[in-house]
Structure formats: structure tokens, C-alpha cells
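Engineer: I'd like to ask you about the structure that follows.
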Amino acid sequence: MSEKENSYKKIIKSTSLFGLVQLSNLIISAVRHKFFAVLIGPAGYGTLSLLYSSFDIIRQLSGLGLDVAGVKKVSENKDNPVEKSKAAALIIRLSIITGIAGTLFFIVISYNLSKWIFGNKTQVISLILISIAILFRQIVAGQTAIMQGEGKLKYLAKTNLLGNLFGLLLSAPLFIYLKVDAILPSILLSAAVTLGVSCYYYSKMTIAKHPLRYNVVIKEGKQTLHFGALVAINGFLPVVANYIIQLYINHATGIAEVGLFNTGQVIITSYMGIIFSAMTMEYYPRLASYKKDHFKEGEAVSQQLTFSILLIIPVIVAFVGLMPIIIELLFSSKFLSVVPMLFWLVIAMFFKAISFCIGYVIIARADSSVFLKTSFLFNAIYICFCLVGYYYGGLEGLGIGFLSYYIIHLIAVYFIVKLRYKLMYNKRLYKLLALGLVAMLILILTNTLTNNVVKYVTILLLFFIFLTLLVRESVKHFDIKGIINRTIRRQ
């Protein structure tokens, strides 16, 4: 089997594995958010969103991007057992140090956080108690980064799936009996459960223990922390950007509208986001292992983009056709007013999928100069587009601003990567991109139709056309017949 065919096989295998895991997580998340929506309503959901955003900002800030930097560190050394064990020990110790720092910082700001979110200081003790969840989450981030870098994708998949499942099963009763008061304890409980599952699967890995003193950790970890800090900024800035948008919406119209905005964000990040999560599991370590070989990187990006575009378009089409049903199923009829905004957010995912695949080259190369400058610039543009869109068109205007941002983001990332790293893409890829653009334009036009029969027939045709293309591409590069024959022979 050629290297190209083998790469396609790995892409399909890893995406299928994590696609199934993320689909299971989607169902778990759907049940969780259904509890939130029904039991605490839009206003309670807004409070939950603000609290989670505060928690996430501190976690991202203190985490220093070790979940990404750790993957790069381990994947670069996975062929050398001694260096691999040293890298793993380094990541674990750095995750403990940064997790403790995040916990202490959360404790320091807990008083002001309670007054700001809950309007009083009654929740200070509860906030202090859940601060340890930041440490738990950071240790999990370190362990799962090592699993991903080592290529133990099955362990990583089980950690993600079982952590979410057990977290739901244990926290759901809290929301039934405590309602809004369950928000704080559920955060700590979910983090503790996920840590337990992660520790179990991490202990099953065959990585030799490597003794490292903490002064050596600081000395050896400088490069990892430097790159991780850049990754943290990149992950931290979008959280801050959405935080600013939430505050603006809250000031302009109230907490219920914040809940509606976050409904759209949840669907995009939790449900559409499963595709992006599945794509990166094998793609990012592979890019990092090429060590700046622009020919191999160009091939990898072309392969990943081909499969990603064919995968994302049927999902987008299905979301557009089923949006009202999805909202009622996942949340409730009270949230249906988010549909106009959500339509534009879903269309934007086509452009995000392309820029996502191309942009990972910058991360894999650890190009700090480009990474830092583009992070600040892109997030500033994102805030401006969303706020201007909301000012002139409410939530739907915000959705149009969101789409406009991702179109600009794609154009900028494409030229940055092409000119700076001299990457060349497969010519067939450009034809596929053009086909995808036509599909998005058709979806936008169908959204203006009043004839529902024509609208849904068009959507159905688009769905089956791209689903057929996806299946053909998968069969072309994946030995389906061989798998079936081997399975039969085992019987």
C-alpha cells in the first residue's frame, strides 16, 4: 500500500472511530442540555453559560495549551522510547503545576465572580470548592495529550466517551432535585469522574516511568510552555471574544437573549464540532511528525481537506433541513427563535472546516510569530463582525457576521500558509471546493423560498449527492471488501 493510500486509510479510520465516539457524546450532550433547557429555562441557561464561560476562561488561561503542545512533544519522540517516556513525564508534571496555578487563581477571584454572576456573595464557598475541577481538567488534558501523541486513539476515545457518560449519569439527578443550584456541584462532579476514567486508561499505556525533578521540569519545559502559551492564547481569545459578545447582548437585551445566543454556540461547538474533534485526532500528530516538510504537509492537507469537505457538507445540509426539529429535540420550543441565527452559523462551518485543516500547519510548525499575530487579529475581527451584525440585525445579523468572519478567515489563512510555507494542493481539491461553494449558495437560496416542497426536495437532493460522493471516496481508499472477507474467515 502506498504512503498516500495509507494516509487516507488512517484519516478514514480515525475519523470513523472518533466520529462514532463524538456521535455518542452528542447524544449524551443532547440529554444533558435537554435537562438544562427544560429544568432551568433560558434565564437559567444564561446563568449556566456565564459560569461555564468564566470557568473555561481560567482553565484556558492557566492550562497553557498543554493539550496541544503535549501532543506535539510526544509525537515528535514516539519512535524513541527513552525520549518518549521523558516527554510523557514532563507533560504530566507540567499539567499538575499549571492545574494548581489555575485552581489558586480561581479561588482568589471567587468572591467577585459570585457577586457578578449570582448578584451576591452566597456562592463564594461553592465556587472555592469547585475550583479543584480546574486541576482535574488539566491533569486529564495532559494524560489525553500523551494518548493522542502516542497514537493510543482507542484509549482516548474511551476516555472521552465514558467520562461524558458517567458524568451525565451522576449529575443528571442533581439537576432534577436542585435545578439551578445543581450547576456548581455538577461541574466538580463531572471533572472528578472524567479524571478517574482518564487515569484508568492512562495506566494501561506502556510508557516507562522517567524520574524528573521539578527544577528539571521547569528547565526542560520552557520550550513546551512557550509553544503551549501561544496555543493557550489561541484557545483563550475565542472564549474571551464570546464572553464580550455575551456581555454586550446581556446589556442590550437581557440574560434570556444570552441563553439563546449560547444555544447556537452549543450546537456549533458541541454538535457540529464533533467533526472537527474527530478530524484532528490523527491529523495533527501526523502533521507534527513531518517536521516542516512542505511537500508532505501539502499532501496531508489535501487529503484531509478532501475527506473533510465531503464529510461536512452532508452534515450541514442535514442541519439546515432539520433545524427546527433539532432545536425542539435538544432544547425546547422556547428556543426556536434562535433558528435564523443558527442557519448562518451552520453555513459558516463549511468555510471553517477548510481554514481549520489549512491552519493546523501553523500549529504543527509551532510558528509563534504568525500564530500570535493572527490570533489577536482574527479574534478582533470576529468580535467586530458579530457586534455590528447584532446591532443592525439582532441574532440573525450576528449569524451573518459570523459567516462573514469565517469567509475572511479562510482567505487569509489560505494565503498565509501558501506564501509562507510554499504548500501545494491537489488540483482536484479546487474542483471539490467549487462544488462545495455551489452547494452553500443553493442552501442560502433555498432559505428564501416560501414553497416548502421545493425547499425540502432541493435539500434532500443535495444531501444524497454529497453522501454518495463521501461513500465513494471512502470505498476508494478503504479496503471494504478485504475487511468483509477477513471478518467472514474469522467466523
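Engineer: Return yes when Ala241 is at pLDDT 80 or above and over 28 Å from Ala69 (Cα atoms) and no when it is not.
Structural biologist: No: the conditions fail for Ala241.
Engineer: What is the number of the single condition among (1) farther than 22 Å from Phe463 by Cβ; (2) surrounded by 18 or more Cβ atoms within 10 Å (Cβ to Cβ) that Phe351 does not meet?
Structural biologist: Going through the list (1) farther than 22 Å from Phe463 by Cβ; (2) surrounded by 18 or more Cβ atoms within 10 Å (Cβ to Cβ), Phe351 breaks only (1).
Engineer: Let me ask something else. Assess whether Ile411 counts as being hydrophobic (A, V, I, L, M, F, W, C), free of Cβ contacts under 8 Å to residues at least 12 places away in the same chain and assigned to a helix (DSSP H, G or I).
Structural biologist: So Ile411 passes the test.
Engineer: Follow-up question, since we're still on this one. Looking at segment 215-234, can you tell me whether even one residue there is surrounded by fewer than 21 Cβ atoms within 10 Å (Cβ to Cβ), of a type in the set (Lys, Arg) and either under 25 Å from the mean Cα position of the chain (by Cα) or assigned to a loop (DSSP other than H, G, I, E, B) (or both)?
Structural biologist: Within segment 215-234 (the criterion being surrounded by fewer than 21 Cβ atoms within 10 Å (Cβ to Cβ), of a type in the set (Lys, Arg) and either under 25 Å from the mean Cα position of the chain (by Cα) or assigned to a loop (DSSP other than H, G, I, E, B) (or both)), the answer is no, since none of the residues qualifies.
Engineer: Suppose we keep only residues that are surrounded by fewer than 21 Cβ atoms within 10 Å (Cβ to Cβ) and either assigned to a helix (DSSP H, G or I) or of a type in the set (Ser, Thr, Tyr) (or both) within segment 287-301. Which one would you say is farthest from the chain's Cα centre (by Cα)?
Structural biologist: So, considering only residues that are surrounded by fewer than 21 Cβ atoms within 10 Å (Cβ to Cβ) and either assigned to a helix (DSSP H, G or I) or of a type in the set (Ser, Thr, Tyr) (or both), the one farthest from the chain's Cα centre (by Cα) is Phe295.
Engineer: Report whether or not Ile400 is buried (at least 17 other Cβ atoms within 10 Å of the Cβ) and touching a residue at least 60 places away in the same chain (Cβ under 8 Å).
Structural biologist: So Ile400 does not fit the description; no.
Engineer: Right, another one. In the set Thr458, Thr468, which member is assigned to a helix (DSSP H, G or I), touching a helix residue (DSSP H, G or I) at 6+ places or on another chain (Cβ under 8 Å) and polar (S, T, N, Q)?
Structural biologist: Values: Thr468 fails: touching a helix residue (DSSP H, G or I) at 6+ places or on another chain (Cβ under 8 Å).
When all the criteria are applied, what remains is Thr458.
Engineer: Same structure again: Check segment 201-216 and report whether any residue there is in contact with a helix residue (DSSP H, G or I) (Cβ under 7 Å, 6 or more places away or on another chain), among the hydrophobic types (A, V, I, L, M, F, W, C) and closer than 25 Å to Ile58 by Cβ.
Structural biologist: No.
Engineer: Would you pick out the residues in segment 78-114 that are of a type in the set (Ser, Thr, Tyr) and over 15 Å from Ser54 (Cα atoms)?
Structural biologist: Ser85, Ser95, Thr98
Engineer: Which ones in segment 369-403 are within 21 Å of the chain's Cα centre (by Cα) and of a type in the set (S, T, N, Q)?
Structural biologist: Of everything in segment 369-403, those that are within 21 Å of the chain's Cα centre (by Cα) and of a type in the set (S, T, N, Q) turn out to be Thr374, Ser375, Asn379.
The values are calculated or read from the model by the stated rules, or taken from the named source; none is laboratory data. Values in this document were obtained by computation on a predicted structure and should not be read as measured data. Virtual Cβ from ideal backbone geometry, glycine too; neighbours counted across all protein chains shown.
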